[in-house]
Amino acid sequence: MIFLFTDFGAADIYVGQVKAVLQERAPRVLVIDLLHDAPAFNVKAGAHLLAGLAARLPRESVTLAVVDPGVGGSREPVAVLADGRWFVGPDNGLISVTAARAKECEAFSIGWRPKELSASFHGRDLFAPVAAMLAQGKRKSAKLKKAALAVSFGADDLGEVIYVDHFGSLVTGLRAAAVPQGRKLVINRRSIPHARVFSEVRQGDVFWYENSLGLVEIAANSASAQQVLGCKLGDRLA
């Protein structure tokens, strides 16, 4: 199966074009939308969000990951095999956190190129065909060559807001296992206590908890934590 992780926007014209290529090149492969509203242009936030999702993807799956503000520039395409899962996308750091945290990892440059390659849409013209090749076991067709990642953010956590969902909850790049539950987190000069679930706090109260990805998430019971705290993407935690 192929998972799609992009900042293309679910309501725009881009996702459909990628899926059309995948349907043509790998018609029997299941394609699943993982996320199309990754923080636009924010490669580091996307990298930590992707890493949070990666461990729950099936082994032998392929993830097409595109947050690529440098498309058409000097950055190269890359395929990464991390703990038995393939990730295909730009070598701009997007896949690097997943790679750095993997127990087993190999990175490859991609030698294959299409006859026609749009300067601005490598997700459709380059990454999608390669993802289709890998999903069908056609590794040789992609012309992969072992290579080190040119850009890496490393395995460390990111102590900031990396995603805001439609509830107004603030997903951070901190793995909850490393944060003591008795600790209060500070964001925008507000002290945030821990709670296990929403029902443990009063309606409208803000708290932090371990979300389903194992990340620290700041939420409010039946309210938007983003609005209550006046927070935005990239705000730091202390």
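The values are calculated or read from the model by the stated rules, or taken from the named source; none is laboratory data. Since we're looking at a predicted model, the values are computed, not measured. Every residue, glycine among them, receives a Cβ derived from its backbone with ideal geometry; neighbour counts consider all protein chains shown.
Do we have residue 151 as over 26 Å from residue 107 (Cβ atoms), outside the structural domain of residue 37 (by TED's automatic domain parsing) and surrounded by 13 or more Cβ atoms within 10 Å (Cβ to Cβ) here?
Values: over 26 Å from residue 107 (Cβ atoms): no; outside the structural domain of residue 37 (by TED's automatic domain parsing): yes; surrounded by 13 or more Cβ atoms within 10 Å (Cβ to Cβ): yes.
Spelling it out, it is not the case that residue 151 is over 26 Å from residue 107 (Cβ atoms), outside the structural domain of residue 37 (by TED's automatic domain parsing) and surrounded by 13 or more Cβ atoms within 10 Å (Cβ to Cβ).
Which one is nearest to residue 226 (Cα to Cα), of the residues in segment 165-191 that are of a type in the set (Val, Ile, Thr) and surrounded by fewer than 20 Cβ atoms within 10 Å (Cβ to Cβ)? Reasoning before the result, please.
Taking segment 165-191 first, the residues of a type in the set (Val, Ile, Thr) are 171-172, 179, 186-187.
Checking which are surrounded by fewer than 20 Cβ atoms within 10 Å (Cβ to Cβ) leaves us with 179, 186.
Numbers: 179: 21, 186: 14 Å.
Residue satisfying both the conditions and the ranking: 186.
For segment 130-171, what are the residues that are assigned to a strand (DSSP E or B) and within 18 Å of residue 63 (Cα to Cα)? Working first, answer last.
If we filter segment 130-171 for residues that are assigned to a strand (DSSP E or B), which is where we start, we get 144-146, 158-164, 170-171.
Matches in segment 130-171: 144 only.
So, in segment 57-72, exactly how many residues are closer than 23 Å to residue 136 by Cβ and of a type outside the set (S, T, N, Q)? It would help to see each step written out before you state the result.
Going through segment 57-72, the residues closer than 23 Å to residue 136 by Cβ turn out to be 57-66.
Those left that are additionally of a type outside the set (S, T, N, Q): 57-60, 62, 64-66.
Going through segment 57-72 one residue at a time, the tally reaches 8.
Identify, by number, the condition in (1) without any contact (Cβ under 8 Å) to a residue 40 or more places away in the chain; (2) under 30 Å from residue 14 (Cβ atoms) that residue 177 doesn't meet.
(2)
Return the residue satisfying two criteria in turn: it lies in segment 57-91 and is surrounded by fewer than 24 Cβ atoms within 10 Å (Cβ to Cβ) and polar (S, T, N, Q), and of such residues it is nearest to residue 152 (Cα to Cα).
74
Suppose we filter segment 110-124 for residues that are in contact with a Pro (Cβ under 8 Å, 6 or more places away or on another chain) and under 17 Å from residue 67 (Cβ atoms); how many remain?
Total meeting the criteria: 1.
When you go through (1) assigned to a loop (DSSP other than H, G, I, E, B); (2) in the same structural domain as residue 14 (by TED's automatic domain parsing); (3) closer than 30 Å to residue 217 by Cα; (4) not hydroxyl-bearing (Ser, Thr, Tyr) one by one for residue 89, which number turns out not to apply?
(1)
Can you name the residue in segment 2-19 that is touching a residue at least 60 places away in the same chain (Cβ under 8 Å) and assigned to a helix (DSSP H, G or I) and, of all such residues, is nearest to residue 63 (Cα to Cα)?
Here is the first cut: in segment 2-19, the ones touching a residue at least 60 places away in the same chain (Cβ under 8 Å) are 2-8, 14, 17-18.
Narrowing further to those that are assigned to a helix (DSSP H, G or I): 14, 17-18.
Details: 14: 17, 17: 16, 18: 13 Å.
In this case the residue turns out to be 18.
What pairs can you find where one residue is in segment 37-64 and assigned to a loop (DSSP other than H, G, I, E, B), the other is among the basic types (Lys, Arg), and their Cβ atoms are less than 8 Å apart, with a gap of 6+ or different chains?
57/85; 58/85; 59/85; 60/85; 61/85
Just name the residue that is nearest to residue 6 (Cα to Cα) out of those in segment 163-217 that are within 25 Å of the chain's Cα centre (by Cα) and of a type in the set (Asp, Glu).
Here the residue is 165.
Given the options 160, 217, name the one that is surrounded by 20 or more Cβ atoms within 10 Å (Cβ to Cβ) and within 23 Å of residue 43 (Cα to Cα). Let's see the steps before the verdict.
Values: 160 fails: surrounded by 20 or more Cβ atoms within 10 Å (Cβ to Cβ).
None of the other options fit; the residue is 217.
So, of the residues in segment 176-198 that are among the small types (Gly, Ala, Ser) and modelled with pLDDT under 95, which turns out to be farthest from residue 236 (Cα to Cα)?
182
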